[in-house]
Amino acid sequence: MVKVISNKSEITRIPMYIEGLDDNMEGGVPEGHIVLISGSAGTMKTSITFNVLYNEALRGKISVYCSLEQSYPSIIQQIVNMNFDLTKINLIIIKDLSEIGVAMSKLKGGKGGVVIVDVGCIRKEIKDVKVADNKSWLNVVKNVVKKIKEGAGCHAFCLDSLSALYVLSRFENPRIELFYLFEFLRDLEITSFLISEAQPESGKYSEFEIEEFLCDGIIFLKLTPFRRNVVREISVVKMRSTATNNDIFSLEFKHNRFQALYGGQNPLL
Ligand SMILES: Nc1ncnc2c1ncn2[C@@H]1O[C@H](COP(=O)(O)OP(=O)(O)OP(=O)(O)O)[C@@H](O)[C@H]1O
Ligand SMILES: [Mg+2]
């Protein structure tokens, strides 16, 4: 049962580790929230989310990064190129469901870590197994997170991406099925980052739009062309129980850290 608080100071937060943005959202995302990280291709959805889990691992926390399509070598290549020092954290890869137990034993030692669950690899491993109902992949994801939560006490979870999940598990009644998925994550008392592929022109942050009402927060990433330049932009569209500055910031990755700059102004104008 989720705790009911009586004092504002009881709200603990996970920073986004983006300089200039966390100050504009009371320090970060309230723990236990479900946050959509929404944006089009190449807007650094994976990178900013991994950045949160990495920095939490440096503080001794354990998180799960569940990738449905992008392979773990590709994710690692991206983050190593961004100069993340992976020797500082426990980085565990699960590419076979039978490895969960061994993975969890590696997590016991006090050091924080990120467990990357490569569902693409798992899919290839068990492609011969007849998938009886189309909810199986959703159940695989849920079971893996639950097991790691119960076995190692992970406190944050990323699903990359919701859009890929919809392809793998056909949602016949999205309003009901998504409600139960979100309730499952809330009951786990885990902070969740759900990556959502969304085109800015569509005006939507998610596939069914219901996600936008069910979630607690939306962080939107966008590439904005201006003459011959393209600016990366970030905004907090919604964050429940948080006073946020909803301005559009430009997002930069410089000197090995993310920065949100020029709140409310287009730097190119
Ligand atoms: N230092 C850097 N190293 C690597 N990539 C960088 C760096 N700085 C910016 N990038 C950009 O990051 C982008 C990829 O980031 P990421 O994979 O996190 O995006 P994404 O939104 O998750 O993409 P996709 O839609 O393909 O999943 C690349 O397009 C690349 O231009
Ligand atoms: Mg990505």
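The values are calculated or read from the model by the stated rules, or taken from the named source; none is laboratory data. Note that this is a predicted model, so its numbers are computed, not measured. In this analysis, Cβ positions are derived from the backbone assuming ideal geometry, glycine residues included, and neighbour counts consider all displayed protein chains.
Show me the helices (runs of 4 or more DSSP H) entirely contained within the stretch 55-140 in which 1 or more residues are more than 14 Å from ligand 1 (Cβ to nearest atom), at pLDDT below 95 and not aliphatic (A, V, I, L, M).
Values: elements: 72-81, 100-107, 119-125.
Because the criterion is at least 1 residues that are more than 14 Å from ligand 1 (Cβ to nearest atom), at pLDDT below 95 and not aliphatic (A, V, I, L, M), the helices (runs of 4 or more DSSP H) in the stretch 55-140 that meet it are 100-107, 119-125.
For the stretch 1-30, the set of residues classified as among the basic types (K, R) and surrounded by fewer than 10 Cβ atoms within 10 Å (Cβ to Cβ) consists of K3, K8, listed by residue number.
In the stretch 24-54, the residue that is farthest from ligand 2 (Cβ to nearest atom) out of those that are farther than 30 Å from S9 by Cα and part of a loop (DSSP other than H, G, I, E, B) is S40. Taking (1) within 20 Å of Y205 (Cβ to Cβ); (2) in contact with a Lys or Arg (Cβ under 9 Å, 6 or more places away or on another chain); (3) away from ligand 2 (no atom under 16 Å from the Cβ); (4) of a type in the set (A, V, I, L, M) in turn, M16 satisfies each apart from (2). Restricting attention to the stretch 235-257 and to residues that are outside any strand (DSSP E or B) and aliphatic (A, V, I, L, M), the residue that is modelled with the lowest pLDDT turns out to be I248.
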